[in-house]
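The values are calculated or read from the model by the stated rules, or taken from the named source; none is laboratory data. Please read all numbers here as calculations on a predicted model, not as lab measurements. Here the Cβ is made from the backbone with ideal geometry for all residues, glycine too, and neighbour counts use every protein chain on show. Remember, those area values only see protein heavy atoms, side chains included, never the ligands or the DNA or RNA. Shrake-Rupley method; radii C 1.70, N 1.55, O 1.52, S 1.80 Å.
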Amino acid sequence: MTPDGFTTYVVKDPTTGPLFAVRIGGYIETGWNTFLQYPAGFVGFILILALVTILLLPIYSKTWFPLLWCLLSVLLEPLLAGIFVVSAKLLQRQTCAFTDFFTGLRYFQPLLIFGLINSFFSMGDELFRQYRLVPVLFNLASLAFTLAFLFTPMLVIDRRMRLWEAMGFSCRTVQRRWLSFLGLTFLLGILLGVIGLSMSSIVALVSWAFKFKLAGFTALLVISVRLTSPIYYIALTAAYADLFGFQSKEY
């Protein structure tokens, strides 16, 4: 048993054999404990991503922003994969360096394509917002996509799978316990929402105290939201470790 309570992270195939248990509370607890092992690194990396997002904010004010904003946001997908790499190394008791957060760029092409497919639903939501029912359908499709292909980037990086192979493997895994995975993402969303709401309240107080203009308030708000995202990705890494195990030792 490892210190976080899980068995050794041996390579497994969760699409075969008896149904597995999705230990939601354990994944969240392990994610938080992993974050505490390297908080400065996670926060520093997310601050960099937040600053990149802020640089893209002027596009958000343009009339043609939906398509371009979504396309530019896709570029964050290979960067966010770096959180998985660092989390995986920490769970395997390896030493991490800050440069490990940028390891996801080595898998730029498949992760970029995956991000483009994922952003399609966001673009559809924005482009057809004038129709009442269409955005709802796009949002439901986006939720289904996110849930089915939850572990795709991790399989690409850890098992060196091709994108379509990784997407299929992730989908077959999730469909065996899709209600449990829905509960996992739902609880993580609530957790991040509570943290984000608390941080947004602090941002509002800071903005009021220092009389920041709208641009300054938006920048602080983006940073506060970004700061909550590592917990989500680290918890998913804990789930991946328990269900799939780690095949790679070097990334």
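In segment 2-18, the residues that are exposed (fewer than 12 other Cβ atoms within 10 Å of the Cβ) reach residues that are modelled with pLDDT of 80 or more with C-beta atoms within less than 6 angstrom, at least six apart or across chains, in these pairs: Val10/Gly245; Val11/Gly245; Val11/Gln247. Inclusion of Arg176 among residues that are open to solvent by 20 Å² or more (accessible area, probe 1.4 Å) and not in a helix (DSSP H, G or I) is warranted.
Residue by residue through segment 159-172, note down the ones that are in contact with a helix residue (DSSP H, G or I) (Cβ under 7 Å, 6 or more places away or on another chain) and in a helix (DSSP H, G or I). The answer is Leu163, Ala166, Met167, Phe169, Ser170, Cys171. In segment 31-41, is there at least one residue being on the phi > 0 side of the Ramachandran plot and either modelled with pLDDT of 70 or more or open to solvent by 30 Å² or more (accessible area, probe 1.4 Å) (or both)? The answer is no; no qualifying residue exists.
Residue-wise test of (1) under 17 Å from Gly82 (Cα atoms); (2) at pLDDT below 85.
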| site | (1), (2) |
| --- | --- |
| Glu165 | no, no |
| Arg172 | no, no |
| Arg177 | no, no |
| Gly189 | no, yes |
| Phe210 | no, yes |
| Ser229 | yes, yes |
| Tyr233 | yes, no |
| Asp242 | no, no |
| Ser248 | yes, no |
